């Protein structure tokens, strides 16, 4: 552990850990929409900017993305500096132009005094803020079924050629990790549909409810070595069965 100073307060932080996560651990409120513990940081949204300096930097300082900057001994961090606040405000101003109806974006923008963007709003507004969380979690799981495609205002998240993604297993990791609920899916007890692709679900052998998609179970059984019997019962039934077994052992 090393000592750093944040907004005038001395705190202990683990050297080498990313600054954003250490700041959050110590109760500092830093906006961030592209950061998640499940994936490596990327620095995509640029909202977590902070100003850093050191005593031996002789007055020199710089603004960095705290999600990508490692903790160093003696670091002096400013999270509410005027330049930092203005930089975050400009990022949010651009986000509101792209996503003028997205609750999460509007909520953050309001905190920085932005009620309406000063830029021209996109002709086709979207809830996707291009944070890349969905594509990164998909890559990390080994599917790479979706990616960021296109350039400029036409950049978007999509499967190859906007067709049913052949490598998608319907696990919903992309939808669950999305900070703005852009990625939609449909499902019932027997089927699930996402990215235009429909999946059949495995049903619990005990109660008949849907558990995971067949493609998901097959992938994790073959690629990750998970015992296929894990997918035979839903979590609720597993708990009930184990509870009964535990009660029997207590008799």
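None of the figures in this text is laboratory data; all of them are computed from the coordinates on show. Predicted, not measured: the structure shown is a model, and the values here were computed from it. Here the Cβ is made from the backbone with ideal geometry for all residues, glycine too, and neighbour counts use every protein chain on show.
Structure above, values below:
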quantity: Footprinting exposure proxy for 57, 42, 195 (fewest neighbouring C-beta atoms within 10 Å first); calculated: 57, 42, 195
quantity: Residues of the range 144-167 with amide N under 12 Å of a point placed 7 Å along Cα→Cβ from residue 218; calculated: 167
quantity: With eigenvalues of the C-alpha gyration tensor scaled by 5 and rooted, the chain, Å; calculated: 40, 27, 16
quantity: Nearest-ten-degree value, helix 82-98 long axis tilted from longest Cα axis of the chain; calculated: 40
quantity: The chain: most fluctuating residue of 161, 182, 199 per GNM, C-alpha cutoff 10 Å; calculated: 161
quantity: Hull shadow area, averaged, the range 133-244 [alpha-carbon convex hull, nm²]; calculated: 8.0
quantity: Folded to 0 to 90 degrees: helix 235-250 orientation relative to the chain principal axis, Cα; calculated: 70
quantity: Expected-Rg normalisation [2.2 N^0.38 Å, Cα atoms] applied to the range 5-144; calculated: 1.13
quantity: Sequence of 230, 71, 39, 50 once ranked by neighbouring C-beta atoms within 10 Å, starting from the fewest; calculated: 230, 39, 71, 50
quantity: DSSP beta bridges in the chain [antiparallel fraction, %, rounded to 5]; calculated: 95
quantity: Distance from the range 66-108 to the range 149-215 (C-alpha centre basis), Å; calculated: 30
quantity: Residue order, fewest to most surrounding Cβ atoms within 10 angstrom, among 144, 173; calculated: 144, 173
quantity: Beta bridges by DSSP in the range 2-81, antiparallel share as percent, to the nearest 5; calculated: 85
quantity: Spatial separation of Cα centroids for the range 27-65 and the range 111-126, in angstrom; calculated: 24
